[in-house]
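Chemist: Attaching a single structure in structure tokens format; questions to follow.
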Amino acid sequence: MSNKPSSHFQSKQRSIEERLAAGKELRKKIPRAVHGDFNPSPDRVDPIAILEKQAKTRLPFLVPIRYARMLESPFAFLRGGAAIMAADLAPYKTTGIDVQTCGDMHVANFGLYASVERNLIFGINDFDETIPGPWEWDLKRLATSAVTSCRFLGGDVKLCEEAARSAVKSYRKKMKQYAYMGNLDLWYSSIKDTDILSMIPHYMRKNALHILSKARTHTNIQVLENLTDIIDKKHKLRINEPFMVRETKTMFGRTIIEALDILMEDYSKSLANDRRYLLGHYKVADAVRKVVGVGSVGTRCWVVYLEGSYKNDPLFLQIKEAQPSVYASDSISLYKNEGERVVAGQRLLQGSADIFLGWAQLDGTDYYIRQLHDMKGGLAFDPHKLVLSNYHEYTALCGWALALAHAKSGDAAMIAGYAGNSNELDDAMVRFAFAYDKLTISDHKALVAAAESGRIKVSKETE
């Protein structure tokens, strides 16, 4: 697969009706029912070996934390095993309709964030694996995560199926709407707080309003209070070893401040002139190394605290290592810097991205940079707050957000024409989701066995 713009532009020259018809015609070649087929090959690559291969590119003393987090449940394993699923999907035929995929699509990779206009928007919030590829890769992973997460929450087969089906049905129906939308209208479309409130039952709105209101308080000022302490009359980032650690030197012997000066200079070049000018009003005050996520544990990540012209003018940036996408062998990236790949993908999929989103390189390692908190969080997957009977409402919202991302980066009309109006695609994706969930349970058991045998080292701390 490739990301050649010419083919996409040529497709867009056809009318909506022609593209819908082309998508429908594609069913003859790739019937929708085949998306439900999944039979692991007898010579399937050992999933633990895939994780061990990834570990070789990461900070070795942090890898045991990754394994510890993945051991918590089959859902945690699925979250950390994007590379495993990528290998499992690779042999199967696809529709050939490419989009900018998220690459690590699951129910915990969504949340609220602030648009440039300071509005709350719901959408995808993790883009480490983003790369051009077939839309069905993301949808299959989303449907699977709906089943696996629902079972993790205690749901029975019926609730798990409802959760997966709701995500796929929402994706299919919203894609049909986006197919008929004008290009500019589609580009400026987003899932706003009012959209969220309109799609949920009346009795849930009071709680949703509370969540949205709380998300608006997730500003840099709140982060200043929550993540820093006053030491010698100066704000310093709070330490929580081994998850938040203050280091003095990099692996190449530079002091952290020296390394950050070089990296920030390179990063500023990736920003538009107005954002570069704004960044220039801040100076680095402190930095700590941070352990993040499940699948990302072991990659280099820094939280940087910058100060503006006075003490209540903080800026918090996250500098995160960008490694090749788990789908890199099946696609061609246009970017030499993996951080730029992540940034470009996020801008395309999210529409209204963080104003400080950029990339850099230091000592041969690629990074992408974004704000740590900016009205982020709130309405996202939280096992302690979700009510199972309403879970399908959340997965429907995820399906909607994925459809919007794919419509912006691909051919909504062709996908809609292929998906159609019946439940055939929904049935197939649900069937795949249960089949892959079964494999995930088995793979999780293999990780447990690897830990018990001593094949892998596991940390006693997960955070």
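The values are calculated or read from the model by the stated rules, or taken from the named source; none is laboratory data. Please read these numbers as outputs of a predicted model, since none were measured by experiment. Cβ placement follows ideal geometry from the backbone for every residue including glycine, while neighbour counts extend to all protein chains displayed. Protein only, heavy atoms only, side chains kept; ligands, DNA and RNA dropped before computing areas. Shrake-Rupley method; radii C 1.70, N 1.55, O 1.52, S 1.80 Å.
Chemist: Considering only residues of the range 12-38 that are free of Cβ contacts under 8 Å to residues at least 24 places away in the same chain and part of a loop (DSSP other than H, G, I, E, B), which is surrounded by the most Cβ atoms within 10 Å (Cβ to Cβ)?
Modeler: Once the filter is applied, the top-ranked residue is ARG14.
Chemist: Which ones in the range 402-425 are assigned to a helix (DSSP H, G or I) and open to solvent by 10 Å² or more (accessible area, probe 1.4 Å)?
Modeler: LEU404, LYS408, SER409, MET414, GLU424 - these are the residues of the range 402-425 that are assigned to a helix (DSSP H, G or I) and open to solvent by 10 Å² or more (accessible area, probe 1.4 Å).
Chemist: Which of the residues spanning the range 253-290 are over 23 Å from ASN240 (Cα atoms) and hydroxyl-bearing (Ser, Thr, Tyr)?
Modeler: If the condition is that a residue be over 23 Å from ASN240 (Cα atoms) and hydroxyl-bearing (Ser, Thr, Tyr), then TYR267, SER268, SER270, TYR277, TYR282 are the ones that fit.
Chemist: Quick check on the range 361-373. Is at least one of its residues farther than 27 Å from GLU258 by Cβ, open to solvent by less than 40 Å² (accessible area, probe 1.4 Å) and modelled with pLDDT under 95?
Modeler: no
Chemist: Now, a different point. Just for the range 238-276: of the residues that are farther than 14 Å from GLY358 by Cβ and among the basic types (Lys, Arg), which one is most open to solvent (accessible area, probe 1.4 Å)?
Modeler: Top of the filtered list is LYS249.
Chemist: Here's a follow-up. Report, by residue number, each residue of the range 224-237 that is loosely packed, with under 13 Cβ neighbours inside 10 Å and either under 25 Å from the mean Cα position of the chain (by Cα) or closer than 24 Å to TYR368 by Cβ (or both).
Modeler: ASN226 - this is the single residue of the range 224-237 that is loosely packed, with under 13 Cβ neighbours inside 10 Å and either under 25 Å from the mean Cα position of the chain (by Cα) or closer than 24 Å to TYR368 by Cβ (or both).
Chemist: Give the number of residues within the range 310-324 that are of a type in the set (S, T, N, Q) and farther than 20 Å from LEU59 by Cβ.
Modeler: Looking only at that region, the number is 1.
Chemist: Looking at the range 440-453 only, could you name the residues that are open to solvent by less than 20 Å² (accessible area, probe 1.4 Å) and more than 30 Å from LEU112 (Cβ to Cβ)?
Modeler: Residues satisfying the conditions are ASP443, LEU447, ALA450.
Chemist: Is there a residue in the range 300-319 that is open to solvent by 20 Å² or more (accessible area, probe 1.4 Å) and closer than 21 Å to ASN109 by Cβ?
Modeler: yes
Chemist: Kindly provide the set of residues from the range 66-107 that are among the small types (Gly, Ala, Ser), under 27 Å from VAL458 (Cβ atoms) and open to solvent by 20 Å² or more (accessible area, probe 1.4 Å), ordered by number.
Modeler: Passing the criteria: only ALA87.
Chemist: Among the residues of the range 178-221, which ones are touching a strand residue (DSSP E or B) at 6+ places or on another chain (Cβ under 8 Å), modelled with pLDDT of 65 or more and in a loop (DSSP other than H, G, I, E, B)?
Modeler: The one that is touching a strand residue (DSSP E or B) at 6+ places or on another chain (Cβ under 8 Å), modelled with pLDDT of 65 or more and in a loop (DSSP other than H, G, I, E, B): SER190.
Here's the yes/no breakdown for (1) within 21 Å of LEU224 (Cβ to Cβ); (2) touching a residue at least 40 places away in the same chain (Cβ under 8 Å); (3) in a helix (DSSP H, G or I):
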{"position": "GLU265", "(1), (2), (3)": "no, no, yes"}
{"position": "ARG289", "(1), (2), (3)": "yes, yes, no"}
{"position": "LEU306", "(1), (2), (3)": "yes, no, no"}
{"position": "TYR310", "(1), (2), (3)": "yes, no, no"}
{"position": "LEU334", "(1), (2), (3)": "no, yes, no"}
{"position": "GLU340", "(1), (2), (3)": "no, yes, yes"}
{"position": "VAL343", "(1), (2), (3)": "no, yes, yes"}
{"position": "LEU348", "(1), (2), (3)": "no, yes, yes"}
{"position": "ILE355", "(1), (2), (3)": "yes, yes, no"}
